[in-house]
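The values are calculated or read from the model by the stated rules, or taken from the named source; none is laboratory data. All values derive from a computational prediction rather than experimental measurement. Quick reminder, even Gly has a Cβ in these numbers, built from the backbone with ideal geometry, and neighbours come from all protein chains shown. Surface accessibility is based on the protein's heavy atoms, side chains included, excluding ligands, DNA and RNA. Shrake-Rupley method; radii C 1.70, N 1.55, O 1.52, S 1.80 Å.
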Amino acid sequence: MIKFFRQIRQSLVSQGKTQKYIVYAVGEILLVVVGILIAVQINNWNEKKNSSIREIKTLSQLNEDLKENLKEISGIKEYMVGTISAGRKIINHLENETKVTDSLRYWVERYSGANIFNKANTTYKNIENSEENIITNDSIRLQITLMYETEFENIHKREMMMEGNHLHRYTTELHKNFKTSETKDKWLEGYFLDVNTPINFTELKKNELYKNTLVDLYNFRVLRIKWLTETIKSLEVLIKDIDQEIKLLKSN
């Protein structure tokens, strides 16, 4: 093709057709410029397409992580609801019953438990460490950042508050008023019954300090359920918004 154009230019020059040569030369330049613009446009289109593919993949992976987080947080909330139910039953038992039952032992065991939120954040960390602005939707990106940096971090902070303060005070009183296992080699069932049996049930019924720490832990768990419910709602909205964003990117 280049040889063909060169031959035309040489023919025009040899024939002394300067004006036609100039017109031709300008046309050739324009043709080259148009070719470059088309090549750039194609390259930009390919880059945009590749970026869109990467964004869809990242958002899809992120949504899988968020769904795992939603499942775990919902489980924590369900567990917390169970613990406050056990707390109410312990108080009711202390106020209205005259003897220790296996039900009381079960409620005490349930009430003294705790769980930890192990957030799934691999995809979010990859986004953080990437120099490329993978997620182009500013609103979605902000929602994701707030979820990981604020909502999830608050869950961890409240876990630490509960374990370091409310639960710690309760278990301190629990250990003062309940038996410990007599031997280390007993069957788990025997161990379970031992550690959740009051040393002196009559005295425990009058022990206001134990009851106060139980109620303090109960109230904080009620607040945690409220906060977890709000996080679950925000998480469900975010997952839905990301799904819609993925559909939009795929349609473009």
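Computed values, structure above
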item	result
Hits in the range 125-144 (condition: surrounded by 13 or more Cβ atoms within 10 Å (Cβ to Cβ) and either touching a strand residue (DSSP E or B) at 6+ places or on another chain (Cβ under 8 Å) or under 14 Å from Thr58 (Cβ atoms) (or both))	Asn126, Ile127, Ile134, Ile135, Asn137, Ile140, Arg141, Ile144
Residue pairs meeting the criteria (Cβ under 7 Å; at least 6 apart or on separate chains; first over 15 Å from Ile73 (Cβ atoms), in the range 101-124; second of a type in the set (Gly, Ala, Ser))	Trp107/Ala86; Arg110/Gly82; Arg110/Ala86; Tyr111/Ala86; Tyr111/Gly87
Qualifying residue in the range 112-122 (condition: in a helix (DSSP H, G or I) and surrounded by 13 or more Cβ atoms within 10 Å (Cβ to Cβ))	no
Qualifying helices (runs of 4 or more DSSP H) (wholly inside the range 176-252; at least 1 residues being modelled with pLDDT of 95 or more, loosely packed, with under 12 Cβ neighbours inside 10 Å and not small (Gly, Ala, Ser))	201-206, 208-251
Residue match in the range 84-98 (condition: in contact (Cβ under 8 Å) with a residue 12 or more places away in the chain and under 26 Å from Ser60 (Cα atoms))	no
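Each row is one residue, and each column tells you yes or no for (1) open to solvent by 30 Å² or more (accessible area, probe 1.4 Å); (2) over 30 Å from His156 (Cα atoms); (3) at pLDDT below 75; (4) touching a Gly at 6+ places or on another chain (Cβ under 9 Å).
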| site | (1), (2), (3), (4) |
| --- | --- |
| Leu37 | yes, yes, yes, no |
| Asn43 | yes, yes, yes, no |
| Lys57 | yes, no, no, no |
| Asn69 | no, no, no, no |
| Ile76 | no, no, no, no |
| Ile84 | no, no, no, no |
| Gly87 | no, no, no, no |
| Ile90 | no, no, no, no |
